[in-house]
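Student: The structure is given below, and queries will be raised subsequently.
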Amino acid sequence: MPSFTFQAREGNGELITGTLEAPSVADVGRMLRAQGKFVVKVTDAVIKPDEKKVVIASGGHKVKREEVIHFAHQLAVMIDTGVNIGEALESISEQTNDEAFKAVLTDVSDRVHGGTSFSDALAAHPTVFPVLMVSLIRASEASGTMGSMLEQISQYLTKERNTLKKIRGAMIYPMVMMVVAMGVTIFLLTFVLPRFNKIYQTRGAALPAPTQLLLTVSHITTTYWYVFVGLAVLLFGAILWMRVNTTGRRWLDWLKLRLPIVGGMFNQLYITRAMRTMSTMITAGVPIMEMINITRDVTNNVYYEGLWDEVDLQIQQGAQLSAAMFDSPLIPSAIARMIHSGEKAGRLGQVMDRIAEFTEHDFDESVKRTTEFIEPAMVTFMGGMIGFVAISLLLPIFSVGRVMAGG
């Protein structure tokens, strides 16, 4: 894992420097913010040949989120029943079957036994434990509510996992149907139609327009197949490039929010994520600036990230949390009003809990509506396309039959 040198300021304004291992510069920033520091600068670290680094062998396997959820729930139960955190970590590590996660837990346990706080030990593994989890643990360490906080984390991660499953379920069906439709069409154009073409040529009869169109497409497909393969490779490469390029990602994120049918579902997803995160962190007593930074990180859309940057800026200038939301088209006015009311009444935590429930219900309804629309639409599309091909193949046969009957 690459190393990065950073400069950051503590809460009292003191400038500090150091080196962290992380997958990227963004992950270094998240780790530092999770520790309550203000990031000044992050650069690649120059590692001397004689320097030694501790590397956790995970076999290249990614730790599943289910493992982290189970870990949080199990640790919550053990701490609530009076088990020391060091002993609890050792016990869970011994019982873990996933070798990658076992290595991570062993390192966390070693760090805790060495005097490192539990939150800092978790922060050393940003690809396994999300920043939100680290921040909530840090808040619980100060308040002495570790057990209940771990249970809240388990519930939060479970809801987040279920949300992603719903999104994938809604998107996988049309993608599978589209692949099947394309596969059937390519099979008909490249394998079936050429054989029918030989039959039509022996008859010498004039072909109907739909059949002529299909035969032309079939001829182009079988003759210039390498062109279509090259275009498919270019399209796949372009999508991968856009996912990592700033301009390309902005365009993809814009498309997600503006696409008919699924655009509303993605909007609701980002709002639900943000409200759930803010509700959990406000209730836990996490500082509001840290809460905004983490909310921005979990959004995963450049337009919503820009919204939270604007909220961050306005809060630093003395405005309330709801101020920037009233001016943004991404946040429904009803949500902005409820947050504003919670701020005025001094019950923001309770209000955010209700908003999170409200947005989660709306998200579930949005996924349901999207799925109910996509399924019949895809069935109609596939039926229409395959039906057109079948009718186009049979029209000349019907024509020949009529001619023979008339003769």
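Student: May I ask you to list pairs of residues, at least six apart or on different chains, whose Cβ atoms are under 8 Å apart, with the first in the stretch 126-144 being over 11 Å from MET281 (Cα atoms) and assigned by TED's automatic domain parsing to the domain that holds GLY82 and the second being among the aromatic types (Phe, Trp, Tyr) and assigned to a helix (DSSP H, G or I)?
Tutor: VAL128/PHE101; GLU141/PHE118
Student: May I ask you to verify whether GLY169 is in a helix (DSSP H, G or I) and small (Gly, Ala, Ser)?
Tutor: Criteria met by GLY169.
Student: I'm checking my understanding of the structure. Among residues of the stretch 298-353 that are assigned to a helix (DSSP H, G or I) and among the charged types (D, E, K, R), which one is surrounded by the fewest Cβ atoms within 10 Å (Cβ to Cβ)?
Tutor: Top of the filtered list is LYS344.
Student: Among the numbered criteria (1) assigned to a helix (DSSP H, G or I); (2) surrounded by 15 or more Cβ atoms within 10 Å (Cβ to Cβ), which single criterion is violated by ASN162?
Tutor: Checking ASN162 against (1) assigned to a helix (DSSP H, G or I); (2) surrounded by 15 or more Cβ atoms within 10 Å (Cβ to Cβ), the one that fails is (2).
Student: Right, next: Can you tell me which condition LEU132 does not meet? The list is (1) modelled with pLDDT of 80 or more; (2) aliphatic (A, V, I, L, M); (3) surrounded by 13 or more Cβ atoms within 10 Å (Cβ to Cβ); (4) over 30 Å from VAL298 (Cα atoms), and all the others hold.
Tutor: (4)
Student: Then there's this: Quick check on my filter: what residues within the stretch 236-255 are within 24 Å of ILE331 (Cβ to Cβ) and either surrounded by 18 or more Cβ atoms within 10 Å (Cβ to Cβ) or among the β-branched types (Val, Ile, Thr) (or both)?
Tutor: Across the stretch 236-255, the qualifying residues are THR246, ASP253.
Student: On to the next question. Given the stretch 208-283, what helices (runs of 4 or more DSSP H) lie entirely inside it while holding 3 or more residues that are more than 30 Å from SER148 (Cβ to Cβ), touching a residue at least 60 places away in the same chain (Cβ under 8 Å) and not acidic (Asp, Glu)?
Tutor: The qualifying helices (runs of 4 or more DSSP H) are 209-223.
Student: Residues of the stretch 308-337 being in contact (Cβ under 8 Å) with a residue 24 or more places away in the chain and farther than 19 Å from SER279 by Cβ, which ones?
Tutor: GLN316
Student: Tally time: how many residues in the stretch 370-391 are within 30 Å of THR277 (Cα to Cα) and either aliphatic (A, V, I, L, M) or at pLDDT 85 or above (or both)?
Tutor: Summing the residues that are within 30 Å of THR277 (Cα to Cα) and either aliphatic (A, V, I, L, M) or at pLDDT 85 or above (or both) in the stretch 370-391 gives 1.
Student: Checking the condition surrounded by 15 or more Cβ atoms within 10 Å (Cβ to Cβ), of a type in the set (Val, Ile, Thr) and within 23 Å of GLN74 (Cα to Cα), which residue from ILE153, ILE167 passes?
Tutor: Only one candidate qualifies: ILE153.
Student: Moving to a separate point now. Given the criteria in contact (Cβ under 8 Å) with a residue 12 or more places away in the chain and not β-branched (Val, Ile, Thr), does LEU164 qualify?
Tutor: It is false that LEU164 is in contact (Cβ under 8 Å) with a residue 12 or more places away in the chain and not β-branched (Val, Ile, Thr).
The values are calculated or read from the model by the stated rules, or taken from the named source; none is laboratory data. Predicted model, so just to flag it, every value in this text is computed and none were measured. Cβ: placed from backbone, ideal geometry, glycine included. Neighbour counts: every protein chain shown.
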